[in-house]
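What follows is a short report on a single structure.
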Amino acid sequence: EVSPERVERTDPLAGGPVQVTIEIRNDQLGVLDWSAAPGAAWLAVSCAEEGLSLRTAGIAVPILVLGLVTAQEADEAIAAGLSLTVYSPDAAQLYSERATALGHSVCVHLKVDTGMGRLGTLPGEDTLAFARSVTAMPAVHLEGIFTHLACADEADPAPTLDQLARPITVSFDRAPQA
């Protein structure tokens, strides 16, 4: 649940203003009430099909696909302006190639695996190198970085605090493109 109070409490944790993203689950797609999400700037969905359904329903806000987008789904997702998750060099290369072929650009968010063990690059120098390689790819714009706090709503805060203790900050300069 998102409330203005939760948004305000999030700002100090991030060290400044944040944009709240609400994850929409498959069973919520037909009953989405955007007014029930005060302060939310983004929607996030599990798969490209869900993002495309929201676009078809006229939802124009930024939508991030959190999961895998296959080669078969990439063209439609990119054309619909969905932001995609990159978690491997192969995924980044696929999105770059497909966006270039379509004459579009694609916005991506780098997934850092701080504990789930499923998708994402591990924190550290490899993440920085990966981020740099993504920004050098044609037709790709790195617009965000995230991790998944899988246990954030459980009674025991220890697993979430452990994940939050792992830095995922990536800082780099990008040379202007000609």
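The values are calculated or read from the model by the stated rules, or taken from the named source; none is laboratory data. Given the structure is predicted, the values throughout are model-derived calculations rather than measurements. Please note: Cβ atoms are built from the backbone with ideal geometry, for glycine as well, and neighbour counts cover all protein chains shown. With ligands, DNA and RNA removed, areas are computed over all heavy atoms of the protein, side chains included. Shrake-Rupley method; radii C 1.70, N 1.55, O 1.52, S 1.80 Å.
Side notes on the structure shown:
- Of residues in the stretch 142-161 being farther than 30 Å from residue 95 by Cβ and modelled with pLDDT of 75 or more, the one surrounded by the fewest Cβ atoms within 10 Å (Cβ to Cβ): 155
- A Cβ distance below 9 Å, combined with a sequence gap of six or more or placement on separate chains, defines the contacts here; from the stretch 52-77, residues that are within 22 Å of residue 113 (Cβ to Cβ) reach residues that are of a type in the set (Ser, Thr, Tyr) and open to solvent by 60 Å² or more (accessible area, probe 1.4 Å) in the pairs 64/21.
- Residues located in the stretch 49-65, provided they are surrounded by fewer than 22 Cβ atoms within 10 Å (Cβ to Cβ) and under 19 Å from residue 141 (Cβ atoms): 55, 60, 61, 62, 64
- Condition check for residue 80: modelled with pLDDT of 90 or more, surrounded by fewer than 21 Cβ atoms within 10 Å (Cβ to Cβ) and closer than 22 Å to residue 54 by Cα: yes
- Of all residues in the stretch 33-48 being modelled with pLDDT under 90, in contact with a strand residue (DSSP E or B) (Cβ under 7 Å, 6 or more places away or on another chain) and not in a strand (DSSP E or B), the one that is least open to solvent (accessible area, probe 1.4 Å): 37
- Residue-level check: of (1) modelled with pLDDT of 65 or more; (2) among the polar types (S, T, N, Q); (3) more than 15 Å from the chain's Cα centre (by Cα), residue 121 misses just (3).
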